[in-house]
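**Q** Can you keep this structure in mind? I'll have questions shortly.
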Amino acid sequence: MIRFENVTKRYADGTTAVDGLSFEVCRGELVTLVGPSGCGKTTTMKMVNRLTEPTSGRILLDGEDIATLDPVRLRRRIGYVIQQVGLFPHKTVLDNTATVPHLLGWQRARARKRAAELLELVGLDPSVHGERYPDQLSGGQRQRVGVARALAADPPVLLMDEPFGAVDPVVRERLQSEFLKLQETVRKTVLFVTHDLEEAVRLGDRIAVYGRGRIEQFDSPAAVLGAP
Ligand code: ADP
Ligand code: ADP
């Protein structure tokens, strides 16, 4: 589904963020990228939706070299959730969630119906939370809206960059278990960045353990934890 072939990224200032990465993520698989800050996890994600381009090597999505795909069309196939989800402050939560269907040209009523379904999918009540504005939600609720919005166009791929990193531990744990349940239903191909090994182990079907610009281990949670 997603395949990195000897991908290197050197930024303009000479920093090598990612150095000869090769790995493959299967359809419907949730792979967590774990490692300390600055080891290239976010750069890896950004190359998948062409926010930044590899210096060398290539990335294939369903066998197609993404460098040959139109970035806008590519991003329709990829949902993206970041740590501080940017919601439009002057739009209700429902309208925020309906933005992507709307951009896809859906009629307003259909887009709003889809948005309501998505909010329910992430555990929010459309008739209550949907009518609020982003600053009337908790941090955890805002992250759920971010997940709902990323799922709006039903993309096969989800990129999640520390999506639960800014909420307190109790909320994080709830978001994690909700996300696992959600993933059982939607079965996206997911790349999930975290610096928390516990989170990586809990969520990942497989785990990519990063060291400076490289993947040092790519294996099941049990293997990463050193179990037999
Ligand atoms: P992580 O997500 O693991 O924290 P990043 O991919 O953000 O790592 O960063 C990897 C390395 O690349 C770091 O040394 C970082 O400082 C550097 N880096 C990231 N973005 C840029 C950029 N736009 N320009 C120059 N260096 C960058
Ligand atoms: P955010 O404010 O959280 O960055 P946007 O409102 O820009 O999110 O985008 C909403 C959705 O549209 C994302 O989940 C993603 O699928 C897609 N998208 C839009 N712009 C981009 C982008 N520059 N990079 C990646 N995905 C994008």
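**Q** Just to verify a number: FRET efficiency for residue 223 and residue 16, C-beta to C-beta distance, R0 = 25 Å, to 0.05?
**A** The value I calculate is 0.35.
**Q** Among the aspartates and glutamates, which have Cα under 18 Å from the Cα of residue 113 when same-chain residues fewer than 8 positions away are ignored?
**A** 95, 125, 131, 154
**Q** Measure nothing but the geometry: give the 0 to 90° angle between the long axis through the Cα atoms of 169-186 and the longest principal axis through the Cα atoms of the chain, rounded to 10°.
**A** 90 degrees
**Q** Right, something else. For the range 1-135, what is the charge dipole size about the Cα centre, in debye to the nearest 20, if Lys and Arg each add +1 at the Cβ and Asp and Glu each add -1 at the Cβ? Kindly include the intermediate steps, with their values, before the conclusion.
**A** Working: 19 positive and 16 negative charges, 78 e Å.
Taking the Cα centre of the range 1-135 as origin, the dipole is about 380 debye.
**Q** Residues with amide H under 5 Å of residue 2's amide H, sequence separation 5 or more or different chain, H placed in the peptide plane at 1.01 Å from N; which?
**A** 25, 62
**Q** Provide the net charge surrounding residue 70, with neighbours chosen by a C-beta distance below 13 Å and charges set as Lys +1, Arg +1, Asp -1, Glu -1. Don't skip to the end; give the middle numbers.
**A** On the way: positive: 50, 73, 75, 76, 77; negative: 64, 65.
Cβ neighbours under 13 Å give a net charge of +3.
**Q** If each DSSP helix of 4+ residues adds -39,500 (n - 2.57) and the sum is divided by the residues in the chain, what number results at 222 nm, nearest 500 deg cm²/dmol? Please report the intermediate quantities before stating the final value.
**A** Details: 8 runs with 80 residues, N = 228.
Helix-only estimate at 222 nm: -10500 deg cm²/dmol.
**Q** Could I ask something else about it? Place a +1 charge on the Cβ of each Lys and Arg in the chain and a -1 charge on the Cβ of each Asp and Glu, then give the dipole magnitude about the Cα centre in debye, rounded to the nearest 20.
**A** With only Lys, Arg, Asp and Glu charged at Cβ, the dipole is about 700 debye.
**Q** In terms of modelled amide H atoms, which long-range or inter-chain residues lie less than 5 Å from the amide H of residue 30?
**A** Here 190, 205, 206 satisfy the definition.
**Q** I want to verify the translational diffusion coefficient of the chain in µm²/s; compute it with Stokes-Einstein, Rh as the Kirkwood radius over Cα pairs, at 4 °C and 1.567 mPa s. Display every interim value, and only then the final one.
**A** Working: Rh = 18.1 Å.
It comes out at roughly 72 µm²/s.
**Q** Please go through the residue pairs 41/188; 46/181; 9/41; 41/181 and name each one whose alpha carbons sit more than 22 Å apart in this structure.
**A** Details: 41/188 19 Å; 46/181 26 Å; 9/41 12 Å; 41/181 25 Å.
As for pairs spanning more than 22 Å Cα to Cα, those are 46/181; 41/181.
**Q** If you fit an axis through the alpha-carbon atoms of helix 139-150 and take the longest principal axis of the Cα set of the chain, what angle between them do you get, 0 to 90°, nearest 10?
**A** Here the helix axis deviates by roughly 80 degrees.
**Q** Also: So how strong a dipole does the range 116-228 carry about its Cα centre when Lys and Arg Cβ are +1 and Asp and Glu Cβ are -1, to the nearest 20 debye? Mind showing how you got there, number by number?
**A** Values: 13 positive and 18 negative charges, 44 e Å.
Rounded to the nearest 20 debye, it is 220 debye.
**Q** Considering every pair of different Cα atoms, what Kirkwood radius, in Å, is found for the range 1-119? Write out the running numbers ahead of the final one.
**A** On the way: mean 1/r = 0.0610 Å⁻¹.
It is 16.4 Å.
**Q** For the range 157-206, what D do you get in µm² per second when you plug the Kirkwood radius from alpha-carbon pairs into Stokes-Einstein at 25 °C and 0.890 mPa s?
**A** On the way: Rh = 11.1 Å.
Using the Kirkwood radius from Cα pairs, D works out to 220 µm²/s.
**Q** Still on this structure, please answer the following. What whole-number distance in Å separates the alpha-carbon centres of the range 195-228 and the range 3-21?
**A** When both Cα centres are located, 21 Å separates them.
**Q** Then there's this: Please give me the summed charge of the neighbours of residue 207: other residues whose Cβ is under 13 Å from its Cβ, Lys and Arg +1, Asp and Glu -1. Write out the running numbers ahead of the final one.
**A** Values: positive: 41, 202, 206; negative: 29, 196, 198, 199, 205, 216, 219.
Neighbour charge sum, excluding residue 207 itself: -4.
Throughout, read-outs are computed from the coordinates displayed, never taken from laboratory work. All values reported here derive from a predicted model rather than from experimental measurement. Backbone-built Cβ (ideal geometry, glycine too); neighbour counts: all protein chains shown.
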